[in-house]
Amino acid sequence: MAKLNLTAKDLRRIGYADDAAVSTALRVMHKHYKHHKPGEAIQLLRQIITSPEAFADDEVLGEIAVHFIEVKEEEVPQQELRSKPVDIVIFGAEQVDHAAIDQLRSAARLPVAVSGALMPDAHSGYGLPIGGVLATENAVIPYGVGVDIGCRMCLTVYDLHAYELNRKQKQLETALLRHTYFGSGRELSKAHEHEVIDRPEFGELALLRKLQGKAAKQLGTSGSGNHFVEFGEVEILADWPERQLKAGRYIGLLSHSGSRGLGASVATHYTEVAKQWCRLPRQLQHLAWLPLDWFEGQAYWKAMNLAGDYAAACHEVIHQRITREINLTPLAVIENHHNFAWKEMHLGREVIVHRKGATPAAKDEAGIIPGSMTAPGFIVRGRGETSSLHSASHGAGRVMSRSRAKESITHNAMNALLQQHGVTLHGGGLDEAPQAYKNINEVMNAQQSLVDIMGTFRPRIVRMDG
């Protein structure tokens, strides 16, 4: 039987204007109505727009309906914004587009805002800009965290000199192709066993109960877009006793991905919950927050932390599979995550620090800031800079949107650049071409006060979706 083939364009044609609603509808319909005829599916989706309340309690379609159930404005007064934003600090302002700066300034006018910072890799997004950091008081903003909750960098450094990369290239390529799985809806045929899937949170919240089975089948997989798993050359610049690493050049395995469908569903659901009571001007509606002393705020916090641990487990599984295949000895694992909210002490009080596309950089905290397929990534140690809320960039940052990259970069140009840098690419598209990213060296220069550079990672064999 043929499978349902709906596109975002089909949904927008019938009135699905919001990106979050489109994403949820496509995921739900392709999973639960995949054998329906397109006409039947479209008719059902039209009914949800017309009468969303009728589907509110439906275990499956309720996920879509929640995007269209509006609370009457007279029942919930609009939140009053600050007349002036709280203090924000912008690092590398000359490299940051004005839209991202305006977004953070708008977020800094929220009544719950305490302070903010913008990283040099920043560009505009939904809610907070990518590269945006915002401290709030007793409030968490689901879209200030983002859709890919706990998106993570993980680097395994192996006890083998980097010059072995050429000799072992075929073996390393085979391991990547055999043990990595990419795609926005990708699931494995057999659920993976891991202690994170048995966490009690899956039984405590109705939303998580529905997501447990999918989470088990997506464990150890990666998403699309800028998610990758790659082998490359690690150079540690000086002995690093805390990480049991001596200065030298090693083979390394670096991965970047997040919490898959689990995180996306948590973000979408609780953003809609927040919008039900936290009414903001339309252009700021993705900044709706949940008070942490409310049940809904506590529920999101619990789900967010589970999604973050799940993302870490995904990397653990990926690295274990590949390490077994190549039979090398790990010397150290360095990892950090972004798209998350932390309870931290700043300005003499506890605040909630949202880092959307920003890396934690507390004093002596290790992390990885990747460049692009052809540019080095940097292994760093945080300096605990207070003005950045102990944060740094999470990468080079985009200089072109995905659509612009597809329009202005050719396959020949991308392939020539990859060849020039000795990089082998499996998968990937023009939207992720190296030319679409900022100069990582300029980004790093703009945040010298935020991190110390301990080493570099140069990609050599890259695996992405596609």
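Each value in this text was obtained by applying a stated rule to the coordinates, not by laboratory testing. Not measured: the values here are computed from a predicted model. A quick note on method: Cβ atoms are made from the backbone with ideal geometry, for glycine too, and the neighbour counts reach across all protein chains shown.
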**Study point:** Residue exposure sequence - 259, 403, 184 - by fewest surrounding Cβ within 10 Å
**Key:** 403, 184, 259
Exercise for review: Return the lysines within reach of residue 363: Cα separation strictly under 22 angstrom, same-chain partners fewer than 8 residues apart disregarded; answer none if there are no such residues.
Suggested key: 246, 343
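Give the order of 194, 98 when sorted by the count of other beta carbons within 10 angstrom, beginning with the fewest. Please report the intermediate quantities before stating the final value.
Details: 194 17, 98 9.
Going from least to most buried by this count: 98, 194.
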Check your understanding: In the range 173-211, which trypsin sites (Lys or Arg not before Pro) are in a loop and have at most 10 other Cβ atoms within 10 Å, using DSSP for the loop call?
Key -> 190
Check your understanding: Calculated FRET efficiency, residue 276 and residue 413, Cβ-Cβ r, R0 51 Å, to nearest 0.05?
Key -> 0.60
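Under the classification rounded if a/c is under 1.5, otherwise prolate if a/b is larger than b/c and oblate if not, where does the range 28-125 fall, given a ≥ b ≥ c as square roots of the Cα gyration tensor eigenvalues?
On the way: a/c = 4.03, a/b = 1.91, b/c = 2.11.
Note, shape of the range 28-125 comes out oblate.
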Review point. Just in the range 401-466: which GluC sites (Glu not before Pro) are loop by DSSP and have at most 14 other Cβ atoms within 10 Å?
Key: none
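Where does each of 366-374, 59-67 land if you order them by average Cβ count within 10 Å, highest first?
Details: 366-374: 23.7, 59-67: 19.3.
Put in order of decreasing packing, that is 366-374, 59-67.
Scan the range 1-30 for trypsin sites (Lys or Arg not before Pro) in coil per DSSP, keeping those whose Cβ has at most 16 other Cβ atoms within 10 Å, and list them by number.
Details: sites: 3, 9, 12, 13, 27; in loops: 3.
Listed in order of number, the matching sites are 3.
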Review point. In the structure displayed, which of 168/217; 9/356; 34/190; 210/302 lie more than 22 Å apart, Cα to Cα?
Key: 168/217; 9/356
Check your understanding: residue 164 versus residue 189, label points 7 Å from Cα toward the beta carbon: distance in nm?
Key -> 3.3
Check your understanding: Rounded if a/c is under 1.5, else prolate if a/b is larger than b/c, else oblate: which is the range 8-65, with a ≥ b ≥ c the root eigenvalues of its Cα gyration tensor?
Key -> rounded
Study note, to complete from the structure: Partner aspartates and glutamates whose C-alpha sits under 12 Å from that of residue 406, ignoring same-chain residues fewer than 8 away, are 431, 432
Practice item. Take the Cα atoms of the range 369-435, find their three principal axes, and give me the spread along each one in whole Å, biggest first. Key: 44, 26, 17
Review point. Any idea how far the Cα center of the range 241-256 sits from the one of the range 113-161, in Å?
Key: 24
